[in-house]
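Quick notes on the structure that follows.
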Amino acid sequence: MSVREFAERGADLELVGIQKRFPGFTAIEDLDLVIPAGSFFALLGPSGCGKTTTLRLVAGLEEPTRGRILIGGKDVTDTKSHERPVNTVFQSYALFPHMTIIENVAFGLKRRRIADPVGKAHEALRLVELDHLAQRKPQQLSGGQQQRVALARAIVNRPALLLLDEPLGALDLKLRRQMQLELKGIQEEVGLTFLHVTHDQEEAMTMADTVAVMNKGAIEQMGAPAELYDLPRTAFVANFLGQSNLFTGEVVGTTGAAVTIDAGGTRIVVPTARAQRHQGEVTVGVRPEKVALHAEAPTATADRNVLGPGRVIDASFSGVSTQYIVDVPGVGAVLVFAQNIGVGPVAGVGAEVWVSWEVEHGFGLEDDPGESGRFPADDSTTAIAVQRREALVSELEEH
Amino acid sequence: MSGEVQAAAVLGGFTESETQEDRGPRGFPRRRRIGLGDWLLPVYTVLAFVFLLIPIAYTFVFSFNDSLKSNISWRGFTLDKWLNVCNVEGGAVCQAFTNSIIIGLVATLIATVLGTMIAIALVRYRFRARSAISLLLFLPMATPEVVLGAGLAAQFLAVGVPKDMTTIILAHTMFCISFVVVTVKARVASLDPALEEAGRDLYGSPSQVFWRVTFPLLTPGILAAALLSFALSFDDFIITNFNSGSVSTFPKYIYISASRGIPAEANVIASAVFLFALVLVIGAQVSRAARAKRLAKLG
Amino acid sequence: MAFAAFATTEAQPQAPKRKSRIALFLLLPGILYLVLFFLTPLISLILTSLQAPAEFGDIGQYSYAFNWQNYVTVVQQYLPHILRSFGYALAATVFALLFSYPLAYFIGVKARRWPLLQSLMLVLVIAPFFISFLLRTLAWKQLLSDESFIITSLKALSLMAPDAHFTGTPFAVIFGLTYNFIPFMTLPLYTTLERLDTRYLEAGSDLYANPFTVFRKITIPLSMPGIVAGTLLTFIPAAGDYVNASRDFLGGPDTQMMGNVIEANFLVLLNYPAAAALSIILMAAILVLVSIYVKRSGTEDLL
């Protein structure tokens, strides 16, 4: 595919055995990845996980130490950035400050000597509803407008693959929501392949059809957002994508249908199909919104895990829901998100409560329990608060 | 040196220093009750400026003096000297002035090209001799002019090069390079690398990216550096004195005539240069302020 | 800060090999130029400073030797000039600092709410640069001559002895040096003060410091980089200057500085070895003083 012509449609992206070393550290150890044409793919991970490096490798702004990059089945590993049918929406937008908006958008078309660059640039600006600002300079535009210009400047080239480097990071929450919807709409309209890099799990989940969670230069888990959320395979994914209650214990019984573990004297059952490991010491988990809070001991049934009695050590009201932290002796802190269906709290701090969830909502992780536990560098302050409180409580209990 | 760089920025009015943009977080001084400090400092500032500008006013006023040969006592107002600048001493003042302009232009051109290239290399590339090169660029700025001048003169003497315009230009270029490097380097370093990456991403070849993205963005810094170079060269006397032989420049002309009296025509030229520079700089500042205001309104 | 502009510690992205050729192409012409017209002259100056008069030669003819006694001779002969150079330069630096600090403070801190006024005041600070520095100095010579309005008034008010002079005295030379290098002091001071976060000052007074203590404990330490840069920018050229001290300008026979004797030896007496030895002494002394100063003021990272 020559850069002199437009891509008819999005192309597949294939990364084969990619490794990238910088002096002093390895950004990507060994990465294999296939992104099918026309999809909206998100690479999600904390800063320093190698996601931006991956994007820069695809854009041709870095060269891989090892491995091949294929776009539309064609090896572009040794192709220079300006010869690749790929465009990027930069994190800082990188609009040329010395050119007007229209000159910015027409820049790529002019370099490729495509007919009527200005007309096509206006068309792209109309798509992002900014054609009336065509003669302005970038610094006269607001953050959201600049972001849309950056998007227009990239998609006007009809690249086979569009790379988005945390393009919404600089926007405020409300604008970000709006831009997420617009981006998704544009992607569906033009049918390009989008590779979106972000550390915002909500952004990744709302926009992408496939999300790959990246950690320490490797992909931990990949799949549709709902799938990833419902059945995380590692503690990292379980806590990076939303929050999770995790319990570690020895497997005490396995049947075709269920795995039972003993977590500090309490039995917890997970479906065998949803557990990655079936013997030895394992970590199982459940999402906090799947957990119910009871003021009285519920009757135990085969399809329900019950923990308790425990004590509510924190309750924080957040509008639609209330987050409870329940300390269950032997098990530790359990996080519960309860919808505020009734009036007033279900339980106050200090109250004796039981928690329960349906067995089918549990999941079993594949990592060694030693490495698991809560993801230490979680962005969510709630998770950090929970960790702190847990540590404090266990410290108090020791004395 | 920063003073010089700052001067260049003001001279040009081109560098978008942070004066306009990052004002917020550092805060404005809060209004308090009116105390001693509230009027003492402004009054001092006014007096300080009066003091700084006294000799300039003197020079300007005496350019209208109906003086004879030397221009020491006031003999009455005349526009003659302004109208017939080159008539004195067979046009020696004008000859010296022309020499200064030529030397300034050529030295500025060479120093700006060489210095800009070094500045780009220093920011963009990694190489071993880096600290040695930084030292080599720093030393000329930390060396007294008299040493620079004597060194070059000793060198020309040892090699047997006769002193003329060329030796002056060689000397001026030498001390301007470091100042150009400092000025342009700041600009290169403040350039967002993502802009050039965007250029490459948008199908620009390396040379297209340089000429269409990098160079236009560096232009304000390069222009400021060139203006600074010219100002340094134009006003230099000490280094020139050691390396000029019989060639006269404007400052050298004044130095030599100082003992027998400076003709008012020299005041005319100096005043004209002063007014020209002042108009240029104030114009640039005002238009920049207007631009900033317009931007703020639109944004 | 310009002195900081040459810091070598910034992180550099890794550059492929191919690019080192571009770097070489960019660096070579300029570096070669500086080697040829700065470094070689310095070496040539050192060699000259060790020359001995040529046998059977004319005045101004010397041959290469290792005549280190040149240094002893010039120090013996010109010790007063050497001391004067550094004394005058030091005094001028102190006066310029005292003059410039309030000015820079007003422009950089107090005038923040009026950006246009701020930049116009900066233009006024550098305005003296626009007029030849020799003419400025000559203007002062006229303004402060014995017949001038200023001096006759001072004498009439008995603030000066009737037979006293101003021009030709050390005071006049220090005055001239101070005046001429004020912009070099004010601009770096302005640069740091302009960046001074006034919330630190408010925090200081919130924590029970009176205005003077706030100034001494907060403003001064925070503006140290500007003070160091400004004093260096003033001291170095002032120590090597010879225009102000020259007899045709503000000086007299007893105010000659090193620059004057270097000039006289080189251009008039054609005693190149003496001029060269004095130059080397001047440069070495300045480098030593500057490095001690920078080390003691704790701003090494400026260099």
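The values are calculated or read from the model by the stated rules, or taken from the named source; none is laboratory data. The structure presented is a predicted model; accordingly, all values stated were derived computationally and were not measured. With ideal geometry, Cβ positions are generated from the backbone for all residues, glycine too; neighbour counts draw on all protein chains shown.
Conditions tested, residue by residue: (1) within 19 Å of residue C:149 (Cα to Cα); (2) out of contact with any helix residue (DSSP H, G or I) (no Cβ under 9 Å at 6 or more places or on another chain); (3) at pLDDT 75 or above.
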site: B:37; (1), (2), (3): no, no, no
site: B:43; (1), (2), (3): no, yes, yes
site: B:52; (1), (2), (3): yes, no, yes
site: B:56; (1), (2), (3): yes, no, yes
site: B:61; (1), (2), (3): yes, no, yes
site: B:74; (1), (2), (3): yes, no, yes
site: B:81; (1), (2), (3): no, no, yes
site: B:84; (1), (2), (3): no, no, yes
site: B:89; (1), (2), (3): no, no, no
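From the residues in segment C:171-193 that are of a type in the set (Phe, Trp, Tyr) and more than 10 Å from every other protein chain (Cβ to nearest Cβ), which one is nearest to the chain's Cα centre (by Cα)? Restricting to residues being of a type in the set (Phe, Trp, Tyr) and more than 10 Å from every other protein chain (Cβ to nearest Cβ), the top hit is C:175. Restricting segment A:257-286 to residues that are in contact with a Leu (Cβ under 9 Å, 6 or more places away or on another chain) and assigned to a loop (DSSP other than H, G, I, E, B) leaves a set whose member that is nearest to residue A:337 (Cα to Cα) is A:276. Among the residues of segment B:216-225, is there at least one that is part of a helix (DSSP H, G or I), over 24 Å from residue C:31 (Cβ atoms) and away from chain A (no Cβ under 14 Å)? No; the residues of segment B:216-225 include none that is part of a helix (DSSP H, G or I), over 24 Å from residue C:31 (Cβ atoms) and away from chain A (no Cβ under 14 Å). Screening residue A:52 against (1) outside any helix (DSSP H, G or I); (2) under 28 Å from residue A:239 (Cβ atoms); (3) within 14 Å of chain B (Cβ to nearest Cβ) leaves a single unmet condition, (1).
Yes or no, residue by residue, for (1) of a type in the set (A, V, I, L, M); (2) in a helix (DSSP H, G or I); (3) away from chain B (no Cβ under 13 Å); (4) farther than 19 Å from residue C:176 by Cβ:
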site	(1), (2), (3), (4)
C:87	no, yes, yes, no
C:96	yes, yes, no, no
C:104	yes, yes, no, yes
C:107	yes, yes, no, yes
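Among the candidates C:245, C:276, the residue that is of a type in the set (A, V, I, L, M, F, W, C) and under 26 Å from residue B:261 (Cβ atoms) is uniquely C:245. Every listed requirement among (1) at pLDDT 90 or above; (2) closer than 19 Å to residue C:37 by Cβ is met by residue B:275 save one, (2).
Filtering segment A:29-59 to residues that are surrounded by 15 or more Cβ atoms within 10 Å (Cβ to Cβ), modelled with pLDDT under 90 and over 18 Å from the mean Cα position of the chain (by Cα) leaves A:37, A:38.
Filtered by the rule that a residue be buried (at least 18 other Cβ atoms within 10 Å of the Cβ) and more than 19 Å from residue A:356 (Cα to Cα), segment A:250-274 gives a lone residue, A:251.
Of the candidates B:205, B:229, the single residue that is buried (at least 24 other Cβ atoms within 10 Å of the Cβ) and either in contact with a Gly (Cβ under 9 Å, 6 or more places away or on another chain) or within 13 Å of chain A (Cβ to nearest Cβ) (or both) is B:229.
Residue by residue, here is whether (1) facing chain B (nearest Cβ under 10 Å); (2) more than 21 Å from residue C:141 (Cα to Cα); (3) over 17 Å from the mean Cα position of the chain (by Cα); (4) at pLDDT 85 or above holds:
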{"site": "C:265", "(1), (2), (3), (4)": "yes, yes, yes, yes"}
{"site": "C:276", "(1), (2), (3), (4)": "yes, yes, yes, yes"}
{"site": "C:279", "(1), (2), (3), (4)": "yes, yes, no, yes"}
{"site": "C:283", "(1), (2), (3), (4)": "yes, yes, no, yes"}
{"site": "C:288", "(1), (2), (3), (4)": "no, yes, no, yes"}
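Every residue, every condition in (1) touching a residue at least 40 places away in the same chain (Cβ under 8 Å); (2) part of a helix (DSSP H, G or I), yes or no:
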| residue | (1), (2) |
| --- | --- |
| C:126 | yes, yes |
| C:136 | yes, yes |
| C:140 | yes, yes |
| C:145 | no, no |
| C:150 | no, yes |
| C:155 | no, yes |
| C:162 | no, no |
| C:166 | no, no |
| C:173 | yes, yes |
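Here residue C:157 meets the list (1) over 29 Å from the mean Cα position of the chain (by Cα); (2) at the interface with chain B (Cβ under 8 Å from one of its Cβ atoms); (3) not β-branched (Val, Ile, Thr) almost entirely, failing just condition (2). Residue A:103 meets the conditions (1) over 30 Å from residue B:216 (Cβ atoms); (2) crowded, with 16+ Cβ neighbours inside 10 Å in every case but one. The failed one is (1).
To keep it simple, each residue is scored yes or no on (1) out of contact with any Phe, Trp or Tyr (no Cβ under 6 Å at 6 or more places or on another chain); (2) over 28 Å from residue B:50 (Cβ atoms); (3) buried (at least 24 other Cβ atoms within 10 Å of the Cβ).
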{"site": "C:185", "(1), (2), (3)": "yes, no, yes"}
{"site": "C:190", "(1), (2), (3)": "yes, no, yes"}
{"site": "C:198", "(1), (2), (3)": "yes, no, no"}
{"site": "C:202", "(1), (2), (3)": "yes, yes, no"}
{"site": "C:205", "(1), (2), (3)": "yes, yes, no"}
{"site": "C:211", "(1), (2), (3)": "yes, no, no"}
{"site": "C:223", "(1), (2), (3)": "yes, no, yes"}
{"site": "C:233", "(1), (2), (3)": "no, no, yes"}
{"site": "C:238", "(1), (2), (3)": "no, no, yes"}
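Close Cβ contacts (under 6 Å, 6 or more residues apart or on different chains) running from residues in segment A:13-36 that are in the same structural domain as residue A:62 (by the TED database) to residues that are charged (D, E, K, R) and part of a loop (DSSP other than H, G, I, E, B) comprise A:36/A:12. Just one residue in the set A:70, A:95, A:130, A:109 is of a type outside the set (Val, Ile, Thr), surrounded by fewer than 18 Cβ atoms within 10 Å (Cβ to Cβ) and either at pLDDT below 90 or within 21 Å of residue A:164 (Cβ to Cβ) (or both); that residue is A:70. Exactly one residue among C:204, C:168 is at positive phi and touching a Ser or Thr at 6+ places or on another chain (Cβ under 8 Å), and that residue is C:168. On inspection, residue C:115 fails the criterion of being under 15 Å from residue B:51 (Cα atoms), facing another protein chain (nearest Cβ under 7 Å) and surrounded by fewer than 20 Cβ atoms within 10 Å (Cβ to Cβ).
Residue A:106 falls short of the stated requirement of being under 22 Å from residue A:168 (Cβ atoms), in the same structural domain as residue A:190 (by the TED database), assigned to a helix (DSSP H, G or I) and aliphatic (A, V, I, L, M). Would a scan of segment A:282-298 turn up a residue that is within 15 Å of residue A:353 (Cβ to Cβ), under 30 Å from the mean Cα position of the chain (by Cα), at pLDDT 85 or above and among the β-branched types (Val, Ile, Thr)? Checked segment A:282-298: at least one residue is within 15 Å of residue A:353 (Cβ to Cβ), under 30 Å from the mean Cα position of the chain (by Cα), at pLDDT 85 or above and among the β-branched types (Val, Ile, Thr). Inside segment A:72-103, residues that are assigned to a helix (DSSP H, G or I) and either of a type in the set (Asp, Glu) or at positive phi (or both) make up a count of 2. Among the residues of segment A:186-197, the one identified as within 21 Å of residue A:53 (Cα to Cα) and either in contact with a Lys or Arg (Cβ under 7 Å, 6 or more places away or on another chain) or surrounded by fewer than 23 Cβ atoms within 10 Å (Cβ to Cβ) (or both) is A:197.
Entry remark, segment A:225-249: residues being crowded, with 23+ Cβ neighbours inside 10 Å and without any contact (Cβ under 8 Å) to a residue 40 or more places away in the chain number 2 in total.
Every test in (1) of a type in the set (Gly, Ala, Ser); (2) away from every other protein chain (no Cβ under 13 Å); (3) under 21 Å from residue A:194 (Cβ atoms) is passed by residue A:92 save one, and that test is (2).
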